[in-house]
């Protein structure tokens, strides 16, 4: 059975923004975009920079260091300097809380 | 003796040493990172319009002494494509991606920085800023050779190296430094773009022969050389004379204040410490970023001239400096 981990209250994340979440020695990035939430690995696949320090523009998160861009819905790398896709995790909102099904 | 500034064996290894990062409110930083098509269309549009106007004036005055001031202005504007290409490589001026990419390729050609290669090289520069043996974009090598720096007032040393790289890539060979930082899957793009560059070079030479005139070269490629002095003066302020091998941009990078004309030509890169700390903040928001973190940074030089009063003695001292290479 899927195990959901509570991350934070929905209101802790601004709309069109991202928040860092550390759990079991792993770092994740949790996004809020137009009423939906998404979750990905927290480090850029290019040079392991925290994506939570980056910029969310519509459904794209941009790494704060080198402009690497990923689609937060499916983790697709959208072009140089990122070539490796980002791992994504199921996420949902229940009772005003953000829940993520971690790997 | 081998060049210590060439990328060494462990150049690609991860570096876990944290860099100094100033504290800044997340909401403010997010606001500063926003792209602005309108601002950038105006700014880049003005640059292109001035290029077109000065270039047209030069062509119309060709054969008279009046073409000299026209091409002096054209050359300075043309060579400042170096700073435009740099900003565009970060993807920050335009919210619209294709505008950013199209202008990046144009400005990259103008400054003879083939875009695909330079994107990767510059990524490395931001990861390992001024780390000897890891950063391929350290402009001033120690011990300092003043002759090379003076040659680059007309882009002669760097320009020759850039063209040599382009020719090598066009032949299907990636440079040793490039093999470090360009992933294998991206190398064909470098080779293809370099071949297009070479085709343009050959077309330009053919045009000169057919027209019995140097005018095509004066308009394209040439201005990066004859108009390059101010660009070199700007570029050297970024890191020259400062510390290598430190994980703190406040020690390795320089910010200075300057007038609006220079800021326009230099795309606000006089705020270079701020740019390195937060490379995703577009040029137009760097003054606000500077204001937000200035209490955590060294006081900037009040002018370009004042910055050079610091740089010049440091370069003279570094003529006898030994190079320190650190392992991380």
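Quick look at the numbers
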{"quantity": "Gained length - residue A:8 relative to residue A:36, 0.36 nm times residue gap less alpha-carbon distance", "calculated": "8.7 nm"}
{"quantity": "Estimated FRET transfer efficiency when R0 is 41 angstrom, pair residue A:24-residue B:161 (beta carbons, to 0.05)", "calculated": "0.25"}
{"quantity": "Per-pair calculated FRET efficiency, R0 = 45 Å: residue B:168 and residue A:16 via Cβ, rounded to 0.05", "calculated": "0.55"}
{"quantity": "Gyration tensor (Cα) of chain B, equivalent ellipsoid semi-axes in angstrom", "calculated": "31, 24, 21"}
{"quantity": "Residue mean of other protein chain beta carbons inside 10 Å, B:39-50", "calculated": "0"}
{"quantity": "P(r), alpha carbons of segment B:180-328 - 10 Å bins starting at zero, rounded %", "calculated": "9, 26, 26, 26, 11, 1"}
{"quantity": "Rg [Å, one decimal], Dmax [Å, integer] - the protein assembly as shown, C-alpha atoms", "calculated": "22.9, 83"}
{"quantity": "Peptide-level mean, for A:46-59, of C-beta atoms on other protein chains within 10 Å", "calculated": "3"}
{"quantity": "Stretchable slack from residue B:192 to residue B:48, in nm (0.36 nm times residue separation minus alpha-carbon distance)", "calculated": "49.2 nm"}
{"quantity": "Contact order normalised by residue count of chain B, Cα under 8 Å, 6+ apart, percent", "calculated": "26 percent"}
{"quantity": "Fully extended contour minus Cα-Cα distance, from residue B:56 to residue B:295, at 0.36 nm per residue", "calculated": "81.4 nm"}
{"quantity": "Sequence ranges B:161-167, B:111-117, ranked by mean other-Cβ count within 10 angstrom, highest first", "calculated": "B:111-117, B:161-167"}
{"quantity": "With Cα atoms, 0 to 90° folded angle of helix B:37-60 axis to chain B main axis", "calculated": "40 degrees"}
{"quantity": "Within a Gaussian network of chain B (alpha carbon springs, distance under 10 Å), most fluctuating of B:101, B:184, B:244", "calculated": "B:184"}
{"quantity": "Two-site FRET efficiency, residue B:261 against residue B:3, from Cβ-Cβ distance with R₀ of 60 Å, rounded to 0.05", "calculated": "0.95"}
{"quantity": "Amide N of segment B:65-101 lying under 19 Å from the label point, which is placed 7 angstrom from the Cα of residue B:200 along Cα→Cβ", "calculated": "B:74-91, B:98-101"}
{"quantity": "For segment B:1-121: rounded, prolate or oblate by the Cα gyration tensor [a/c cutoff 1.5]", "calculated": "oblate"}
{"quantity": "Spacing of the two label points (7 Å from each Cα toward its C-beta) at residue B:98 and residue B:154, in nm", "calculated": "4.2 nm"}
{"quantity": "Span from the segment B:2-30 Cα centroid across to the segment B:266-302 one, whole angstrom", "calculated": "17 Å"}
{"quantity": "Alpha-carbon centroid distance for the pair segment B:182-244 / segment B:62-94, whole angstrom", "calculated": "12 Å"}
{"quantity": "Relative contact order [Cα under 8 Å, 6+ residues apart], segment B:208-328, whole percent", "calculated": "26 percent"}
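Values quoted throughout were computed directly from the atomic coordinates according to the rules given, and no laboratory measurement underlies them. Every value quoted in this text rests on a predicted model; they were computed, and no experiment measured them. When we count neighbours, we look across all protein chains shown, and the Cβ atoms used for this are built from the backbone with ideal geometry, even at glycine.
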